[in-house]
């Protein structure tokens, strides 16, 4: 609940920031234009982001016959989580990592790299997949789209402020109490930094929540904590050629091997995530209907495949 409140607060801060930026610009006209422009761009991204990012990383959809263990684990976890079965993709990349995408649980995709499949034990792979399914369950993709929309609006306003300052400010200085040249210059510098920091804070909050939710799906936090430890050890040795705009989607920051990018990481420190997982205690009940049903449905599915 604490992370949900924090996320709501940060989204509200971004909204207020847009209003203040519009005031500095000299009215609401530019603010409204920027907000609608950013919303249109991000609406397109929301509907087609899965196809865009999967194509960006040359991901390939796989079948149960090609990756039986992967499918078996995902099916078991989706039953426990009460989610529809997502599409599963494999990325031809040696660096171990994974992400989930899709506009809602009914159109979700889970993608893992070849390196992740080679490196992880079954328990660790289950922990990673449970984390990604938690993002789907928690509607993090929707929250991320809203945050991106607001951040996009702030960036557009900042650019407008920069050009307005270059060409002599705006009429709002006298008419509507605008911030003048100094206010416009300050806004053009502060706005992008503030938008980036708030968006990072939102992304970090959702990672903590996905860790906790994923551990409950897996029924054991040890798999995910072990996977995070391995991912941290390999992220510097096997750098991933990732686009910074998609870094927030992965279970660990794919840019962590780049010193400058790591200063603006969209992910919380791995040490802190592992520490928090170590403090989670999950009571597994043998009569848990979700777990039993997941095991039974997975077994029936794979019995049918093997015949």
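Observations, loosely collected:
- Relative to the current alpha-carbon distance between residue 48 and residue 33, full extension at 0.36 nm per residue lengthens the span by 3.1 nm.
- For region 21-132, the pair-distance distribution built from all alpha carbon pairs, in bins 5 Å wide starting at 0, is 2, 11, 18, 19, 14, 9, 6, 6, 6, 5, 3, 1, 0 percent.
- Estimated FRET transfer efficiency (residue 229, residue 193; beta-carbon r; R0 30 Å; 0.05): 0.40
- Per-residue packing, averaged as other Cβ atoms within 10 Å, sorts the ranges 216-225, 57-66, 186-195 into the order 216-225, 186-195, 57-66, beginning with the highest.
- Length gained on full extension, residue 56 to residue 272: 74.7 nm, using 0.36 nm per residue less the C-alpha separation.
- Relative packing of peptides 229-241, 71-83, 122-134 - highest average C-beta neighbours within 10 Å first: 122-134, 71-83, 229-241
- Difference of contour (0.36 nm per residue) and Cα-Cα distance, residue 65 to residue 117: 17.2 nm
Coordinate-derived values only; no laboratory data. This is a predicted model, so every value here is computed, not measured. Ideal geometry is used to build each Cβ from the backbone, glycine not excepted, and the neighbour counts take in all protein chains shown.
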